[in-house]
Each structure stands twice: as structure tokens, then as C-alpha cells.
There are 2 protein chains.
Amino acid sequence: MDLKSEIRNIKDFPKPGIVFRDITTLLKNPDAMKYTISQFKEYYKDKKVDLIVGPESRGFIFGSLLAHELHVPFAPLRKPGKLPAETEKEEYELEYGTDAIEIHKDAINQGDNILIVDDLIATGGTCEAAAKLIERLGGNVLGFAFLIELSFLNPREKLKNYDIFSLIEYKEE
Amino acid sequence: MDLKSEIRNIKDFPKPGIVFRDITTLLKNPDAMKYTISQFKEYYKDKKVDLIVGPESRGFIFGSLLAHELHVPFAPLRKPGKLPAETEKEEYELEYGTDAIEIHKDAINQGDNILIVDDLIATGGTCEAAAKLIERLGGNVLGFAFLIELSFLNPREKLKNYDIFSLIEYKEE
């Protein structure tokens, strides 16, 4: 199945010069979603994943679907102030300024093999922060799974110590 | 299975006097998640659902899981400015001020039977706005599914024209 044809390209969103890869057209097609999740499942089913972590908010969709299929726990990564129990926080740099993500401290068990799942990888800043956060809490980052990889932004450079699996690649904007 | 025991209660979050019902403990338990989704599926499997709509961001989890199980499309409801294609917007009142939600116009087909899924229903303000939005775009709101219903806030009053199915009820704060 040609998953790339399920993605809608929207020019100049959120700002001029950017082509936004819109996954809502994929979400509307249950056959394509079933295929997507089965591709992830096939790759990870024998890799002893103990926990899937997904960043808000589109990472919640693919992360929780794969967790359901692999029958493993799911833990949300959120913007600061959203998670109600005790959290660990990691800041990361944006083009202008900084941002941060948090996870519940009790989401991670020492030595757990953890897979981070998101819809899209761009520069890799958020993912690098997620890996640092998980490792600081004693988790073992098994790798990253993405629906879409914007390879022209070289995200694998930031994540070179990790296994990366993606289903759709864009080599240019 | 006693799903209520899978929910963590956190006092005074996000502000004093509120008991926050934390679903991250449920998300960590794949057996409980499997049971949750099977309960939703059992209730809706013969109800001819054409589309599931879920509000960001915890609604993405339960909405997309049930859409996957029923093999129907999923459409996200988001805060303004997040969805990249042409949207329809609905404002609604909060305790102080207003908020708004958006959906892609092309997410809704005329006459579609649409189920709205979220993790929790409190006063029902967001859900009432979601129903208005969907109906304005020609969709037929089949009903609402929630993991948690805060019945002491009387959400069914605002949604009295719709079928509501919830798995966990809290009769007091």
C-alpha cells in the first residue's frame, strides 16, 4: 500500500515556505490505518518492547494504537503542567527560544525497553529530549518509530545512537 | 473488571478543591485498556457508526483506538489554529472566558452517523460545542462515549438529546 498517497500536502502551513504533511486524510481511511499499524507491529513484535511513550498530541494516536496491538503499557509525554502526578522535565531548543516536555516519574521502570512513537520526525529536537528524559529515569531507549520522516532535515544525526523505523520518507520540503 | 480502581485520584490538581482523575495509570495496564476498548466496541458494534470524532488530546487515544477496533474513520477535533486545511469553528463558554474547537470541513460527510469519544465528561461544554459543529456540517450525532463521567456536574443536562455511554461514574468530587 502506498501510504504517501494517503498524506495531504498543505503549502505554507503553519508559515510561508513550509509544506505541512497532513495525516488527517490517513486517519479517515481505516484500511490505510490498519496497514500502518500492522507495519509497525511487524517490525516491533519480537523486539521485547516493555513500554511505548508518545508525545502529545498526534503521538498519542500512533503510540496508543501500537501499544494496544503489542499489548504493552503506554505513557504520554506532555507539555509542562499537563500531567497531574510527579514529573521529570527536559528542556530543548527551538529555532527561536526553548520548549519543554514532561513525563510522569512513575511511568518508567528501571531497565524497561522503551519505544518512542510519533507521527512525524523533523529536526529531532523533541525526540532527543524524550530520550534524555527516559534515560535519566533509568529506562532503556529501544528506538523510535515514526509514520513520517523529513529526512532532508537530518533528524538521524541527532538520534544516531538509536534505531529508527519510519514508514514514509520526504527527501525534500 | 473494576475500571475505577485503575484511575488515580490526585487532589488539588489543577487547582485547590479539584480531584483530578488521572487516566495514565489505566494507560499503563494493557489488560485494563483492552477491557476498556472491548466494552466500547460491544456497545457500538451494531450501531452503524460511520465516523468517530475525538477532541485533543486524550480523546485522540480512546477515539482512535475505538475507530481502529470498529474499522471506521477517525477525525480530530482541535484547538484553533492546529488543523491545516479548511476548518469550521465553534466557540463555547468556560467558567471564566471562552474557548473554541475546530474540525476540518471535509472530515464530515452529509448524513454520516458520528460518535464523539473522549476520556472524560465534566460540564459538557466542549461536547455540546462539538455536536453543534458536526451538525452544522451536516453530520448526524449518534451519541457520546466517555471513559469517565463526572455525573455530579450534570453533563447529561447539556447533552439531553443524545445517547451517552460511559464506563466509570463519579457521583461526587
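The values are calculated or read from the model by the stated rules, or taken from the named source; none is laboratory data. Owing to the predicted nature of the structure, the values given are computational and were not obtained by experimental measurement. Because the Cβ atoms are built from the backbone with ideal geometry, glycine has one as well, and the counts that use them run over all protein chains shown. Just so you know, the surface numbers come from the protein's heavy atoms only, side chains and all, with ligands and any DNA or RNA stripped out. Shrake-Rupley method; radii C 1.70, N 1.55, O 1.52, S 1.80 Å.
What residues in region A:19-42 lose 30 Å² or more of accessible surface when the other protein chains are added to their chain alone (1.4 Å probe)? Listed by number, the residues meeting the 30 Å² cut-off are A:THR24, A:LEU27, A:LYS28, A:PRO30, A:LYS34. With the label put 7 angstrom out from Cα along the Cα-to-Cβ vector, B:ASP163 ends up 4.4 nm from the copy partners, going from closest to farthest. Peptide B:105-112 is shielded by partner chain Cβ atoms: per residue, an average of 1 of them sit within 10 Å of its Cβ. Once backbone amide H atoms are built at 1.01 Å from N, B:ILE164 has B:PHE144 as its partners under 5 Å, excluding neighbours fewer than 5 places away on the same chain. The charge dipole of region A:1-41, taken about its Cα centre with unit charges on the Cβ atoms of Lys, Arg (+1), Asp and Glu (-1) only, comes to about 100 debye. Taking a Cβ cut-off of under 9 Å around A:TYR92, the surrounding Lys, Arg, Asp and Glu residues balance to a net charge of -4, with basic ones at +1 and acidic ones at -1. Between chain A and chain B, the total buried accessible area stands at approximately 3100 Å², from heavy atoms with a 1.4 Å probe.
Averaged over its residues, chain B has an accessible area of 46 Å² per residue, based on protein heavy atoms and a 1.4 Å probe. Ranked from shortest, the separations from the 7 Å Cα-to-Cβ label point of A:ASP106 to its equivalents in the other copies are 4.5 nm. Annotated for region A:48-170: lysine pairs at least 8 residues apart or interchain, Cα distance under 15 Å, count 8. Relative to the current alpha-carbon distance between A:ASN109 and A:SER38, full extension at 0.36 nm per residue lengthens the span by 22.9 nm. The rotation axis that maps chain B onto chain A passes nearest to the beta carbon of this chain B residue, listed with its distance in whole angstrom: B:SER57, 2. Taking every alpha-carbon pair in the protein assembly as shown and binning the separations at 20 Å intervals from zero gives 30, 61, 8 percent. Rounded to the nearest whole angstrom, the semi-axes of the ellipsoid equivalent to region B:48-170, taken from the Cα gyration tensor as √(5λ), stand at 20, 18, 13, largest first. The calculated 222 nm mean residue ellipticity attributable to helices in the protein assembly as shown amounts to -8000 deg cm²/dmol, summing -39500 (n - 2.57) over DSSP H runs of n ≥ 4 and dividing by all residues. Subtracting the Cα-Cα distance of A:LEU153 and A:LYS171 from their residue separation scaled by 0.36 nm leaves 5.6 nm. Dipole magnitude for region A:26-173: about 340 debye, using +1 per Lys or Arg Cβ and -1 per Asp or Glu Cβ, origin at the Cα centre. The mean count of C-beta atoms from other chains within 10 Å of the C-beta of residues in A:52-62, rounded to a whole number, is 5.
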